[in-house]
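Working notes, structure below.
The values are calculated or read from the model by the stated rules, or taken from the named source; none is laboratory data. Nothing here was measured: the structure is a model prediction, and the numbers come from that model. We place every Cβ from the backbone using ideal geometry, glycine too, and count neighbours over all the protein chains shown. Keep in mind that these areas ignore ligands, DNA and RNA; they rest on the heavy atoms of the full protein, side chains included. Shrake-Rupley method; radii C 1.70, N 1.55, O 1.52, S 1.80 Å.
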Number of protein chains: 2
Amino acid sequence: MNQLFDRLQNELKKKNINLSYQRLKVLEYLTQNQCHPTVEQIYTDLEKEISTLSKTTVYNTLKKMVSEGLVRIITIEDNETRYDINTHDHGHFKCEICKNIFDFDINMDLVLTKGLERFKILDRNVYFKGICPGCLSNSK
Amino acid sequence: MNQLFDRLQNELKKKNINLSYQRLKVLEYLTQNQCHPTVEQIYTDLEKEISTLSKTTVYNTLKKMVSEGLVRIITIEDNETRYDINTHDHGHFKCEICKNIFDFDINMDLVLTKGLERFKILDRNVYFKGICPGCLSNSK
DNA sequence: ATCTATCGTGTAATAATTACAAAGTTGTAA
DNA sequence: TTACAACTTTGTAATTATTACACGATAGAT
Ligand SMILES: [Mn+2]
Ligand SMILES: [Mn+2]
Ligand SMILES: [Zn+2]
Ligand SMILES: [Zn+2]
């Protein structure tokens, strides 16, 4: 509600979108919870603070921010849509035990692909699944 | 209903799963339609031939085949689960104009990742979005 | 033929997402 | 300040995808 606000305000003003209280709160939540939350998580947590918040508003806000490129959708499981405020190219790793999702660096330019020479690539996604170090050591 | 049947029959026998008519038909469909169909597509098409087919059976069959590793789930959009009988490592490209999904070769071992040294990777997924050559030339 | 485990089907229940309309806000021009 | 248009939020209803469940059908083993 200061630096973040100003930064978002700025970025949105350029796109002629105004930063309402609800929108700010959703974006603030995503900034503070970079665990790739679902709509449900965002809504449930924010609703404690903003008792009048509607889940539809969360959907609306996220849809708008995704279409404006401020937020990215992460679909790893087919039954849960997650959101990431970090829109830089990076990979995701989902631990099948603890279900946590980890970020990792990846150089997409080095991803060698055959057969895509004539395609125009606009968006790249990489995700892995497996077991995280924590769960690996627990299982020993 | 011969070579395919025998091959699937074999593969499933090892896992103690029997190849019912419905299961055969779903697998046959996936083999002949490697366009990564949704449950809806599979059901709608097969239902013409097998009028008693239940959508639940399609779900059941796919779930079983996925858990046995004969079929792979492709989640590119958050609102549509697609299925692929090609379980070899390969990437997917979804054209945002015609919505078609294309396969492409990718050498996952060459995907350089930083920060995953201590993770056990069990499954790798790569998908891109953009515009396919056909739609690119149409738009000129 | 009988038994048992597995399979397929239909219906009902859940859950996620979207559509829509009403009410509230904001910015701005007169 | 007022007036107005554009944009937002909210709540409810509708849609859609998926799962749960129970019961009848089937296939293989004895
Ligand atoms: Mn991330
Ligand atoms: Mn494929
Ligand atoms: Zn873990
Ligand atoms: Zn296309």
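Assuming a ≥ b ≥ c are the square roots of the Cα gyration tensor eigenvalues, decide whether the stretch A:3-84 counts as rounded (a/c under 1.5), prolate (otherwise, with a/b larger than b/c) or oblate.
Values: a/c = 1.74, a/b = 1.25, b/c = 1.38.
In terms of gyration-tensor shape, oblate.
Which angle between 0 and 90 degrees, to the nearest 10, do you get for helix A:39-49 versus the longest principal axis of chain A when only C-alpha atoms count?
Helix A:39-49 sits at roughly 40 degrees to that axis.
To the nearest 100 Å², how much accessible surface do chains B and A cover up together, summed over both, with a 1.4 Å probe? Spell out each step's value before the answer.
Details: alone 9490 and 9520 Å², together 15620 Å².
Buried surface at the B/A interface: approximately 3400 Å².
If we hang a label 7 Å off Cα along the beta carbon direction at residue B:115, how far is it from the matching labels on the other copies, in nm, shortest first?
3.0
Tell me the net charge near residue B:39. Cut-off is 12 Å between Cβ atoms, residue B:39 excluded, with +1 for each Lys or Arg and -1 for each Asp or Glu.
Summing Lys and Arg as +1 and Asp and Glu as -1 gives -2.
Let me know the charge dipole size of the stretch A:91-138 about its Cα centre in debye, to the nearest 20, where only the beta-carbon of Lys, Arg (+1) and Asp, Glu (-1) is charged. The partial results should precede the final answer.
On the way: 7 positive and 6 negative charges, 42 e Å.
Roughly 200 debye for the stretch A:91-138.
Give, as a single signed number, the net charge of other residues whose beta carbon lies under 11 Å from the beta carbon of residue B:57, with Lys and Arg counted +1 and Asp and Glu -1.
Numbers: positive: B:23, B:25, B:55, B:63, B:64; negative: B:47.
Once all neighbours under 11 Å are counted, the net charge is +4.
Placing unit charges on C-beta atoms (Lys and Arg positive, Asp and Glu negative, everything else neutral), compute the dipole magnitude of chain B about its Cα centre in debye, rounded to 20.
Values: 20 positive and 19 negative charges, 62 e Å.
It comes to approximately 300 debye.
Which residue fluctuates most in the GNM of chain B (Cα springs below 10 Å): B:119, B:102, B:128?
Largest GNM mean-square fluctuation: B:119.
Give the cross-link partners of residue B:15 among the aspartates and glutamates, using a straight C-alpha distance below 14 Å as the criterion and excluding same-chain residues fewer than 8 apart.
B:68
Where the only charges are on Cβ atoms (+1 Lys, Arg; -1 Asp, Glu), what is the dipole of the protein assembly as shown about its Cα centre, to the nearest 20 debye? Walk me through the intermediate numbers first.
Details: 40 positive and 38 negative charges, 14 e Å.
Roughly 60 debye, rounded to the nearest 20.
Count, for each residue of B:76-85, the Cβ atoms from other chains sitting within 10 Å of its Cβ, then give me the mean as a whole number.
Working: counts 3, 4, 10, 3, 2, 4, 1, 0, 0, 0.
Whole-number average of other-chain Cβ neighbours for B:76-85 is 3.
Rounded to the nearest Å, what's the spacing between the alpha carbon centres of the stretch B:45-80 and the stretch A:50-125? Just the number, please.
25
Under 12 Å from the Cβ of residue A:8, count the other residues' Cβ atoms, weight Lys and Arg +1, Asp and Glu -1, and hand me the total.
On the way: positive: A:7, A:13, A:14, A:15, A:23, A:25; negative: A:6, A:11, A:28, A:68.
Summing Lys and Arg as +1 and Asp and Glu as -1 gives +2.
Within a 10 angstrom radius of each residue's Cβ in A:92-99, how many Cβ atoms of other chains show up on average? Whole number is fine.
Working: counts 1, 6, 1, 2, 3, 0, 0, 0.
For this peptide, the per-residue mean of nearby foreign Cβ atoms is 2.
For chain A, modelled as a GNM with alpha-carbon contacts under 10 angstrom, which of A:116, A:12, A:46 fluctuates the most?
Highest fluctuation among the options: A:116.
Take every DSSP beta bridge with both residues inside the protein assembly as shown and express the antiparallel ones as a percent of the total, to the nearest 5. Don't skip to the answer; put the middle values down first.
Working: 33 of 41 bridges.
Restricted to the protein assembly as shown, the bridges split so that about 80 percent are antiparallel.
Within chain A, what whole-number % of the accessible surface is contributed by carbon and sulfur, with the 1.4 Å probe and all protein chains included in the calculation? Before the final figure, lay out the partial values.
Details: 3480 of 7820 Å².
Heavy-atom surface of chain A belonging to carbon and sulfur, 1.4 Å probe: 44 percent.
How much of the DSSP beta bridge set in chain B is antiparallel, as a percent to the nearest 5? Before the final figure, lay out the partial values.
Values: 9 of 13 bridges.
Of those bridges, close to 70 percent are antiparallel.
Per residue of A:31-44, how many C-beta atoms from partner chains lie within 10 Å of its own C-beta, taken as a mean? Write down the numbers at each step before the final one.
Working: counts 0, 0, 0, 0, 0, 0, 0, 0, 0, 0, 0, 0, 0, 0.
For peptide A:31-44, the averaged partner shielding equals 0.
What does the accessible area per residue of the protein assembly as shown come to in Å², with a 1.4 Å probe and no ligands, DNA or RNA counted?
Numbers: 15620 Å² over 280 residues.
For the protein assembly as shown, the per-residue accessible area is 56 Å².
Take the Cα atoms of the stretch A:91-138, build their convex hull, and give its volume per residue in Å³. Each step should come with its number before you reach the end.
Details: hull volume 4.5 nm³, N = 48.
Roughly 94 Å³ of hull volume per residue.
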